[in-house]
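Okay, structure first, notes after.
Every number in this text was worked out from the coordinates using simple rules, so none of it is lab data. As the structure is a prediction and not an experimental result, all values here were calculated from the model. Cβ atoms come from the backbone with ideal geometry, glycine included; neighbour counts cover every protein chain shown.
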Amino acid sequence: MRAHGTQFGKAFLDCGALAAALKEKFKEDILSLEIRARGHDLWLEISAPSFRPFVENLFEYDFVNFHVISADDAGDNAALSYHLSIFQRNRGRRVGVTVTVKLPKNNLSIPSIFDLLPGSEYSEREIMEAFGVSFTPEKDGTGGGLSAAYTVPVGPIHAGLREPVTAWLELDGERVTGADVRPAIARMETETRVRDPIQAIYMAERICGTCSFSHVICLVRAIEDIARMEVPARGQYIRTIVLELERIHSHVLWSGDVCRVIGFDSAFHLAMRIREQVMDVLTGMTGNRVNRGVGAFGGVRCDVTPGLAKAVRGMIRYYRREFEPFREIVLNDPIVRARMRGVGVLTSDEAVRYSVTGPTARASGLRVDLRKSSPYEAYADIPVEPVVPQDFFGKAHGDALDRFAVRVQEVYQSLDIIEKALDSLPEGPFAAEQDPDKVMGCLKNADGTGWGIIEAPRGDNTHIVRLKAGDENVCRWKVRAPTCANAACWPLMFRGSELADAPLIINSIDPCIACMNRMPVKGNN
Amino acid sequence: MKIFDMLRVLPKSLWIMTCNSGSCNGCDTEIAAMFGPRYDIGRFGMKLVGTPRHADVLIVTGTVVKFMRDRLLRVCNQMPAPKFVVAVGDCGCSGEPLDGVIPVDVCVHGCPPRPEAIVDGMTKVVLKLESLRRSGFDESAWDAVR
Amino acid sequence: MTVTAAIFTLFLKIFAGVALLAFVLTLVPFFDWADRAVNARIQGRLAPPLFQPVLDILKLMGKENIVPRRAARFFFTTAPWLALTSTLMIFLYIPAGQFPAVLGTEGDMILVFYLLTLGTVAVAVGGFASGNPMAAIGANREITLMMSCGFPLAAAITTAAWIAYKTGMPGEPFSLGTFAAASIWKAVGKTGAFGLACLFLSIVLVVPGETGKSPMDLPQAETEILGGIAIEYSGVSLALLKVTFALRSFAMSAFVTSLFVPLSLTGMLGGGGFLTAVFDFFFFWLKVFVIQIAFVTLTRTAFGRLKIWQASRFYLVRVAGLSLTGMLLLSIDVMIR
């Protein structure tokens, strides 16, 4: 395990300073370097032999979080882009680093960074299968099989799980001695066909039912990054409001679900009843409960009228009153504590190595929240503090109860954010350009690769999009949902657990297999 | 027990099992809402069960991915007759229809359908049973209906 | 006793037994409905229709009865019958109001305890015979839970019998008729009342464990082991199992009522005769209803589910400790009186 240094000490992690330091260390190995001002991101290209030392050098800064590897066809070469983030824990800052390495097609081989960042395993495997790149040293293809006579599958069709996941558990009585967790592949076949950006929005919505708007905004931000489109302030605020409403809905749904899994039906029904309020508000605002078609390039497609604002405030008051029982459950209920304390433990070191994100990472004690580290949309004006269990339990255990507590507290945090956003909602247009033809015209000329990253309810959502000038369709679109990284930790969480805990552990990271398994969209070439 | 009486009793006590076979979870969320207090399908006597042996109705969401195909067939075969299959969501009703894998009785369209629409789908199962009863259903033909 | 008298008594007992069991079987769907209705209303939902449990059983009887290929056929099909019979028989030993138990002279509390255990073992055998690992896990849990609940329940029973013996309550100490005739609460002093309260509380805590409802519904956990012991049952066998589970709550509540709640309106208002006996009879079932709603339904609604070792530890440490405290207090009470 690499020690994380503090090269920058107590100073803010700054893109320019980082770029200068990297340039000095690697000099001519860095073939190109660009700072994208909007996302505080560093995009650079490096020569193949110095790739591994470069990544090792990055560990000198606070901690490195791996997002995804996206690949592209560049004539004679295959260009692999590693998307990483460097987080500064105590200051809550983040710099996104995209390292592109060009590999000649007759020698598709690159050193693996699995030993530095185990969280990169799924992405390396994906690239290996899709593009035929070999990562040295070679790893064993399949995971070790389970040998015990008493192996029980939990899932994929299971009353306790909403997802098609199979957890093969080796059992000794009720104790789990080995676990092999295999998610299903939930691919939509239509994704492999080519689409233009506005059609891509509709597909992005349907990647996942519970975080649909997050995927849309992520995609839209990636494309706006390429096309250098500006979003008016009012549009940003409305996006923030809808994103936070979605976060509330997702967390309340999850809270109910996790209680149902431990047999606490009354809490499940309470959560379902409460959740209807936020669904009503979302319907009033966007026109639909789940797939809300309000994301657009350059803004949104709906507006917040005074009547809607009043309804939203009513909803906030309702939640402040009615969600109290869940706070009580987390803090006081003896059975919930007995069931969830010490179950599915993920230490903060493991969370860092496996690049876990979102409430799962925060429950392990990491103070990282993209809304604070790289403020996007209206978060630059509305301060957000990462919710960590140290604040109310005094210590972060990294178990299921901590994850429950973090999500419950985040609901209250979202209520505050929405109220602040409503109070300071700026006047003006909510979209830069409302005519879709003009938008398409603008996008047709856009060229380049964009990286959209936002804090979805489950963690950080990443979309990498590549557009080509003159081509109407999206050239390449890679989606990495937060569950990709969080799900890699399931075998770690199953250590020392019991059969009765299995659905609880699987559900505690708020999995969304649908978000997770996506094919990158290939262009015609 | 005579099948004729069964057709009176079955619509009032349908036990439901849900299966996510590769959906985006939108439909599953709406189904979860359907069991909740606002749409409350329990007042019709419909209950959520965890095993196909107890179930009368299998609700399938999503398009059938390769991973789930076998398992779905097995689960459907494990259900005791009489049984019904409801495909919820546009994924299972069109595009990659569920009908090609297991015989479907009711399709509920929508992406995702509102909980009221899914409750309406369950009503259609009840109506189907009513029409079977009115048409003087023959016991030996029950296997044809599954 | 002459032969004619013996035959007459036999026929009387058969008649009374059948009548009582028919009455119990008519009552149990409504108790089950009440349980579901209260549960639903507390959760903010609407109650299912009044005859829902009856419709459920009728529907199950019309479904195909599948015996899995891997199941041990004989045990799989006979286990629900055995469970139902043994649970039904419990009612023959419980006196209702002023009427003596049908087989009151042939069996006592120890037999009731045995029948409860037999019911549990039958259900567990059915689970083991299902040929499904989830069912085997459920059956394991059922047996473990039964063994854990056994101690506090046995302690409560023997202490109550000992009190009946020591304080000279008329009748056999272990017979439930003794507790119906005279109130056990009146037989003890202040300290004893505390002791009895401890015993009462420990039996009340045992009720969810014996009946398999929350927070101890581990053997049939839907969301963990998908229905546990009942996972492979369908059709008629499942109908029998469902009736058995409903009857078990009913039987436990009746047992608790007959032992610890000898409240009787006619006893308070005075008076006798056949009409008051009939009235007392119905009043007894009303008491059972209240006990069931209070200790089965409300507990089921308010709590989640424990893990097996947590449940076992709860019974073997806390509830056993509580019943031992009760025993101690009652011994002190007897000694000082």
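Computed about its Cα centre, the charge dipole of chain A is approximately 540 debye, with only Lys, Arg, Asp and Glu carrying charge at their Cβ. Evaluating 6.51 cos²θ - 1.76 cosθ + 1.60 at θ = phi - 60° for every residue in segment A:199-207, the Karplus couplings come out as 5, 4, 4, 5, 6, 4, 4, 8, 5 Hz, glycine and proline recorded as x. Between C:Ile293, C:Ile308, C:Ile14, the residue with the greatest mean-square fluctuation in the GNM of chain C (Cα pairs under 10 Å linked by springs) is C:Ile14.
Segment C:50-87 and segment A:70-123 have Cα centres spaced 59 Å apart. A cut-off of 5 Å between modelled amide H atoms, ignoring neighbours fewer than 5 places along the same chain, links A:Ser374 with no other residue. The simple Förster model, with R0 at 45 Å and r as the Cβ-Cβ distance, assigns A:Glu56 and A:Asp381 a FRET efficiency of 0.75. Peptide A:158-168 shows a mean partner chain C-beta count of 5 within 10 Å per residue C-beta.
Annotation note: GluC sites (Glu not before Pro) in segment A:337-432 located in DSSP loop regions with a Cβ neighbour count of at most 10 within 10 Å are A:Glu427.
What the phi angles of segment A:109-116 give under the Karplus curve with 6.51, -1.76 and 1.60, with θ = phi - 60°, is a coupling list of 9, 8, x, 7, 10, 4, 6, 7 Hz, glycine and proline written as x. Longest stretch of chain A clear of exposed loop sites (trypsin sites (Lys or Arg not before Pro), DSSP loop, at most 15 other Cβ atoms within 10 Å, sites excluded): A:229-340. Of all DSSP bridge pairs formed entirely within the protein assembly as shown, close to 70 percent run antiparallel.
Scan segment C:22-109 for trypsin sites (Lys or Arg not before Pro) in coil per DSSP, keeping those whose Cβ has at most 13 other Cβ atoms within 10 Å, and list them by number. Please report the intermediate quantities before stating the final value.
Working: sites: C:Arg36, C:Arg41, C:Arg45, C:Lys59, C:Lys63, C:Arg69, C:Arg70, C:Arg73; in loops: C:Arg45, C:Lys63, C:Arg69, C:Arg70.
Answer by residue number: C:Arg69, C:Arg70.
Divide the volume of the convex hull around the Cα atoms of the protein assembly as shown by the residue count and you get 194 Å³ per residue. Say the cut-off is 32 Å between C-alpha atoms; which of A:Lys372/C:Lys307; C:Lys59/C:Lys213; C:Lys13/C:Lys190; A:Lys310/B:Lys124 go over it? Too far apart for the 32 Å limit: A:Lys372/C:Lys307; C:Lys13/C:Lys190; A:Lys310/B:Lys124. Listed by chain and number, the lysines whose C-alpha is less than 23 Å from the C-alpha of A:Lys25, apart from same-chain residues fewer than 8 away, are A:Lys10, A:Lys102. Taking amide H positions as modeled 1.01 Å from N, with prolines and chain starts lacking one, the residues under 5 Å from A:Arg476 and 5 or more places away or on another chain are A:Arg466.
When B:Ile102, C:Ile90 are arranged by Cβ crowding within 10 Å, least crowded first, meaning fewest neighbours, the order is B:Ile102, C:Ile90.
Counting, for every residue in A:252-260, the Cβ atoms of other protein chains within 10 Å of its Cβ and taking the mean gives 2. The label point for C:Arg318 and the one for A:Lys25, both projected 7 Å from the Cα toward the Cβ, are 5.5 nm apart.
Label segment B:1-91 by shape, choosing from rounded, prolate and oblate, from the square roots a ≥ b ≥ c of the eigenvalues of the Cα gyration tensor; if a/c is under 1.5 it is rounded, and otherwise prolate applies when a/b is larger than b/c, oblate when it is not. Cα axes put segment B:1-91 in the oblate bin.
Within chain C, which whole H helices from DSSP have a Cα span along their axis of at least 20 Å and a mean Kyte-Doolittle hydropathy of -1.0 or more, if any? Going by DSSP H runs, the hits are C:3-42, C:73-90, C:109-128, C:133-166, C:190-211, C:235-260, C:274-292, C:320-336.
Within segment C:32-124, the chymotrypsin sites (Phe, Trp or Tyr not before Pro) that combine a DSSP coil assignment with at most 16 other C-beta atoms in a 10 angstrom radius are C:Phe51. If you bin all the Cα-Cα distances of segment C:126-211 at 5 Å, starting from zero, the percentages per bin are 3, 14, 18, 17, 14, 10, 7, 7, 6, 3, 1. Rounded, prolate or oblate: which fits segment C:238-330 when a ≥ b ≥ c are the square roots of the eigenvalues of the alpha-carbon gyration tensor, with rounded for a/c under 1.5 and prolate only if a/b beats b/c? Verdict is oblate for segment C:238-330.
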